[in-house]
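Below is one structure, written out as structure tokens, with a few remarks after it.
Rule-based calculations on the coordinates, nothing more; no lab input. Because the structure is a prediction, the values reported are computed rather than measured. FYI the Cβ positions are ideal-geometry reconstructions off the backbone, even for glycines, and counts take in every protein chain you see.
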Amino acid sequence: MHNPVTVEVTRGPLVESRHRGLIAVVDADGSLVWSAGDVEAAVFPRSACKAMQALPLVESGAAEAYGFGDRELALACSSHNGEEGHADLAAAMLARAGRDVETLECGAHWSFDQATLIQQARAMAKPTALHNNCSGKHAGFVCACCHQGIEPAGYVGHGHDLQRQIRAAMEDLTGAVLGTDNCGTDGCSIPTYAVPLKGLAHGFAKMATGIGLAPGRARAARRLVDACMAEPWYVAGTGRACTRLMEIAPGRIFVKTGAEGVFCAAIPERGLGIALKCEDGTTRAAEAMVAAVLARFLGDEPEVAAMLAAFSRRSMRNWNGIHVGDVRVTDALFT
């Protein structure tokens, strides 16, 4: 099956580049509400499924025991910029469990935010694991381990008790069987599993509504979704798509990006989960796609839909500020 062209990039009057994509919109009962492309194809959700991976933090009672609020839970689901507020909060989360940066196994990199990166380069010889975009997730992993009396060392390993808990939660949500045959290693060193796109969307519909989940899991899932919607800056950061999209309709839209052109989203009040991938892994196209899909399903609210639609069309300017082209979604997203 050929996935349709979902995004075009123009230069002058011509289309310079085209991006193909696959999109699934699913309700909490698992029915496919709308789709484009091969939604049965298995994709690595990468960081787009971090809210699923954070379930043991809440279900184990660790989040409550350590007094975590919306900001901490949002950071546990985040791919943050590594701005000062992100790094500081990750450190504070670890401190609640009596741990520090040395416990993190995610590796280190400079901030994604240019202004912050310049500051960091001036002030530090090198970044720490707290600046890694996954440090909040990993701090949550460490806290979940410590609260349960599980030794956190090696928590990124496929056979670690925490990874078994995460795997079981993701199987429950997506309906996919997760094993070594569909497992890879993510950028932050934890296992990442390829699952059918439709199943991924269904999982987020279940998280947003609680339908099809045991009561405790339903409460934990909605707690995480609500925290992300309440504190979108801690999910991503300054200027980032996840933050900006959730700010368009505060408390009503959940959005989370993943590497290689993946996005997951939910509209809880509509009972919908969304999963999509730009086939060639390009973020600019995936951002346009998720904004357009959200606009489609909030089309009965003209003001919100207009802001989302505007996000799906990005003007491109050169270094002199001259308009040279646009990133735009195609009619494939509106059929």
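Which of rounded, prolate, oblate describes the range 1-159, given a ≥ b ≥ c as roots of the alpha-carbon gyration tensor eigenvalues and a/c under 1.5 marking rounded, otherwise prolate only if a/b is larger than b/c?
Oblate.
With angles folded into 0 to 90 degrees, how steeply does helix 114-123 sit against the dominant principal axis of the chain? Use alpha carbons for both and round to 10.
Taking Cα atoms only, the helix is inclined about 40 degrees.
Taking Cβ-Cβ under 4.7 Å as the only way to count a partner, pick out the unpartnered cysteines of the chain.
Cysteines lacking a close Cβ partner in the chain: Cys49, Cys77, Cys143, Cys145, Cys146, Cys183, Cys228, Cys242, Cys264, Cys278.
Return the single residue from Arg11, Arg240, Arg314 with maximal mean-square fluctuation; model: Gaussian network over the chain, springs between Cα atoms under 10 Å.
Arg11
On a straight-distance basis, which lysines could pair with Lys256 in a cross-link, Cα separation under 24 angstrom, same-chain partners fewer than 8 positions away excluded?
The reachable lysines, counting only those whose Cα sits under 24 Å from Lys256, are Lys50, Lys137, Lys198, Lys206, Lys277.
Just tell me the longest site-free run in the chain, where the sites are chymotrypsin sites (Phe, Trp or Tyr not before Pro) in a DSSP loop having at most 15 other beta-carbon atoms within 10 Å.
1-318
Tell me, what ³J(HN,Hα) does each residue in the range 48-53 have, in order and in whole Hz, if you take phi through Karplus 6.51 cos²θ - 1.76 cosθ + 1.60 with θ = phi - 60° and put x for Gly and Pro?
5, 9, 4, 5, 5, 5
Tabulate in residue order the Karplus-calculated ³J(HN,Hα) for the range 244-250, using 6.51 cos²θ - 1.76 cosθ + 1.60 with θ = phi - 60°, rounded to whole Hz; enter x for Gly and Pro.
5, 5, 5, 6, 5, 9, x
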